[in-house]
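**Q** Input: one structure, supplied below.
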């Protein structure tokens, strides 16, 4: 009781956050996207999937005995609440000079943002990835001393995050840089490196046993190819004959966004001679991936200004006031990142080699799976989502502010310790915003895990009691 009274404001916010998630559970079954069906398909037939790492499918596989996608959503809601608790607890511990309400304010975007709650209710890997990344930062910063054991724990968490979403790869060198910045010694660095590379190496070996070459996924060339196709001018970069089959059919200026070049029926990836495509995984065949990567490199080297313009333009979309997907992304039409108000059956088809979508879902759930909602809880959450969220503009300004304050702190000699403390979440936040637009495309859900990172970085940087 004394603990509750000491943190009554945070407990009140946490109670509200829990109530909102309870309403979501009452109002909706799990929410679905195109990627969701592949996650379930891999969970039904555990394998290293070429399109993306299979970490989230491991979670679905582990929960299959419950035969409930709603149970998966419930676990993800608990992860969201735990992430908010970690943000609050870490700020109170490492930035104790700040008023308690600042820590509550920093945790509020994770606990109360409508889109955070929405994605917690979706069969997607985003919330698990965010939970693992914030857990890694929490373990890293919980104590001033950074032992080899804690470094190993951070490495394991980041390895798990990378096996959940491949964007986690950009966080690994940042961890190494942070350990070097803190001058924590070679034992700590080796512990983190070993703990990270062991599970990733094991997964790569498992991948090789299925696909004949070690990797975490098979699509690096395809993803960066799609990133360059909106601007690539094959008449200008003059690729060799075998690569011209992947040149876009549309003239420059009239092309769709990057995802369309992979997933559309007219995708040039489907026209590579000798490599028929019957499932989405076939788009990532090694020969296609190598050919696509080669053309992408030519486009980047031959048109660096166009590539930079594309990245900066998509990065600028972070500042859009409204939240939502890339308008050209492949998302099931009835939700567009909003709680649905439509009842409809889910599609059928084959996403990975094996059974169709409906059979996979029915096997997992042991019953029918549809899009549905229950009133009045559904209306409450739709109304809530329409007005209570972190606008992209606010998030963008906050990200810039956290970066500028952190940079300014290095100028003040007595504050450099605080800057070193905050470097890890700040660098993670920047990487999680910039990484996707450099490699794939803009999507507001991709910066979901960056929000708590910037909150942590700004609070720790501003605190006057952080150890020097």
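The values are calculated or read from the model by the stated rules, or taken from the named source; none is laboratory data. These numbers come from a predicted model, not from an experiment. Here the Cβ positions follow ideal geometry from the backbone for every residue, glycine too, while neighbour counts run over all protein chains shown.
**Q** Working carefully through the options 432, 427, find the one that is surrounded by 23 or more Cβ atoms within 10 Å (Cβ to Cβ) and modelled with pLDDT of 90 or more.
**A** After applying the criteria, what remains is 432.
**Q** So, of the residues in the stretch 186-203 that are closer than 14 Å to residue 147 by Cβ and in contact (Cβ under 8 Å) with a residue 12 or more places away in the chain, which turns out to be surrounded by the fewest Cβ atoms within 10 Å (Cβ to Cβ)?
**A** Result: 187.
**Q** I've got another one for you. Quick test for you: out of 128, 98, 90, pick the one residue that is within 27 Å of residue 370 (Cα to Cα) and touching a residue at least 40 places away in the same chain (Cβ under 8 Å).
**A** Numbers: 98 fails: within 27 Å of residue 370 (Cα to Cα); 90 fails: within 27 Å of residue 370 (Cα to Cα).
Answer to the check: 128.
**Q** I need a count of the residues in the stretch 349-378 that are in contact (Cβ under 8 Å) with a residue 40 or more places away in the chain and assigned to a helix (DSSP H, G or I).
**A** 8
**Q** I need the full set of residues from the stretch 321-346 which are modelled with pLDDT of 70 or more and surrounded by 15 or more Cβ atoms within 10 Å (Cβ to Cβ), in order please.
**A** 323, 337, 338, 339, 340, 346, listed by residue number.
**Q** Identify all residues within the stretch 131-149 that are touching a residue at least 12 places away in the same chain (Cβ under 8 Å) and within 21 Å of residue 95 (Cβ to Cβ); write none if there are none.
**A** As a first pass, look at the stretch 131-149 and keep what is touching a residue at least 12 places away in the same chain (Cβ under 8 Å): 131-142, 144, 146-149.
133, 134, 135, 136, 137, 138, 139, 140, 141, 142, 144, 146, listed by residue number.
**Q** Continuing with the same structure: Just need a number here: residues in the stretch 384-399 that are in a helix (DSSP H, G or I) and within 20 Å of the chain's Cα centre (by Cα).
**A** Residues flagged as in a helix (DSSP H, G or I) and within 20 Å of the chain's Cα centre (by Cα) within the stretch 384-399 amount to 7.
**Q** Checking the conditions here, which among 446, 442 is assigned to a loop (DSSP other than H, G, I, E, B) and at pLDDT below 90?
**A** Answer to the selection: 442.
**Q** A follow-up question, please. Among residues belonging to the stretch 204-222 that are in a helix (DSSP H, G or I) and in contact with a helix residue (DSSP H, G or I) (Cβ under 6 Å, 6 or more places away or on another chain), point out the one that is surrounded by the fewest Cβ atoms within 10 Å (Cβ to Cβ).
**A** Among those residues, the one meeting the criterion is 221.
**Q** Another question about this same structure. Which members of the stretch 170-206 meet the condition of being closer than 22 Å to residue 38 by Cβ and at pLDDT below 95?
**A** none
Each row is one residue, and each column tells you yes or no for (1) in contact with a strand residue (DSSP E or B) (Cβ under 8 Å, 6 or more places away or on another chain); (2) assigned to a loop (DSSP other than H, G, I, E, B); (3) at pLDDT 95 or above.
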position	(1), (2), (3)
3	no, no, no
12	no, no, yes
74	no, no, yes
81	no, no, yes
87	no, no, yes
96	no, yes, no
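**Q** Could you pull out every one of the helices (runs of 4 or more DSSP H) wholly within the stretch 234-317 that has 2 or more residues that are within 30 Å of residue 393 (Cβ to Cβ) and either modelled with pLDDT of 90 or more or touching a helix residue (DSSP H, G or I) at 6+ places or on another chain (Cβ under 9 Å) (or both)?
**A** 258-263, 304-316
**Q** Can you name the number of the only condition in (1) under 24 Å from residue 139 (Cα atoms); (2) in contact (Cβ under 8 Å) with a residue 12 or more places away in the chain that residue 78 fails?
**A** It fails just one condition, (2).
**Q** Look at residue 270 and say whether it is surrounded by fewer than 21 Cβ atoms within 10 Å (Cβ to Cβ), over 21 Å from residue 217 (Cβ atoms), outside the structural domain of residue 350 (by TED's automatic domain parsing) and out of contact with any strand residue (DSSP E or B) (no Cβ under 8 Å at 6 or more places or on another chain).
**A** Details: surrounded by fewer than 21 Cβ atoms within 10 Å (Cβ to Cβ): yes; over 21 Å from residue 217 (Cβ atoms): no; outside the structural domain of residue 350 (by TED's automatic domain parsing): yes; out of contact with any strand residue (DSSP E or B) (no Cβ under 8 Å at 6 or more places or on another chain): yes.
Taking the combined requirement at face value, the residue does not satisfy it.
**Q** Given the criterion within 21 Å of residue 115 (Cβ to Cβ), in contact (Cβ under 8 Å) with a residue 24 or more places away in the chain and out of contact with any strand residue (DSSP E or B) (no Cβ under 7 Å at 6 or more places or on another chain), identify the matching residue among 52, 21. Walk me through it before giving the result.
**A** On the way: 52 fails: within 21 Å of residue 115 (Cβ to Cβ).
Unique residue meeting the criteria: 21.
**Q** Going by the structure shown, is residue 258 free of Cβ contacts under 8 Å to residues at least 60 places away in the same chain and closer than 17 Å to residue 223 by Cβ?
**A** The answer is no for residue 258.
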